[in-house]
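Just so you know, all these numbers are worked out from the coordinates, no wet-lab data involved. Remember, predicted model here, so these are calculated numbers, not experimental data. In this analysis, Cβ positions are derived from the backbone assuming ideal geometry, glycine residues included, and neighbour counts consider all displayed protein chains.
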Amino acid sequence: MDCLFCQIIAKKLPAKLVFESDSIIAFPDINPSARVHILIVPKKHIIGLQDLKKEDGELLSEIFEVVNELVTRYNLKDNLYRVVVNGGKAQHVSHIHFHLLGGELKKFV
Ligand code: DGP
């Protein structure tokens, strides 16, 4: 298994999980671009946006439920936040992930 995020999901590499369910994990980005910078990652190995299928619709809705839970937990509702999904050459880890960035953003990811 040479996918970095699959190894984190399998607990073969460490990460400080802030959320885990049967289908999703979330953990802080190692190189934060904002005061709050969490990666929300489906356990299913989907490479990128272009690989999503209709059958992933429920998973996507679960991902945005997790986003909402973290927005509440980190008090971002009345602050500034955004969700970013990089693709193509802007994507460095080939396992789809959603960046939740909140508070003071240091730079664009
Ligand atoms: P992207 O460019 O969208 O593929 O973003 C990948 C992000 O993953 C990048 O912001 C840094 C983060 N990252 C890479 N390796 C690790 C790791 O081992 N642990 C954690 N927590 N984050 C990582």
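Here each label is just a point 7 Å from Cα along the line to Cβ, and for PHE19 and LYS44 those points are 1.7 nm apart. Within the same chain, aspartates and glutamates fewer than 8 places from LYS16 are excluded, and of the rest, those with a Cα less than 18 Å from its Cα are ASP29, GLU69.
When the chain is treated as a Gaussian network with alpha carbon springs shorter than 10 Å, the biggest mean-square fluctuation among ILE30, ILE40, ILE63 belongs to ILE30.
Projecting the Cα atoms of PRO28, GLN50, ALA90 onto the dipole axis of segment 24-109, where Lys and Arg carry +1 and Asp and Glu carry -1 at the beta carbon, places ALA90 farthest toward the positive end. Compute the long axis of helix 57-73 from its Cα atoms, compare it with the longest principal axis of the Cα atoms of the chain, and write down the angle in degrees, 0 to 90, nearest 10. Roughly 30 degrees between the two axes.
Does the chain come out rounded, prolate or oblate by the C-alpha gyration tensor, with a ≥ b ≥ c the root eigenvalues, rounded set by a/c under 1.5 and, if not, prolate when a/b is larger than b/c and oblate if not? Note, shape of the chain comes out rounded.
Under a 10 Å cutoff between Cα atoms, tell me which one of VAL71, VAL93, VAL41 has the largest fluctuation in the Gaussian network model of the chain. Fluctuation is largest for VAL93. The ranking of LEU39, LEU17 from fewest to most other beta carbons within 10 Å of each one's beta carbon is LEU17, LEU39.
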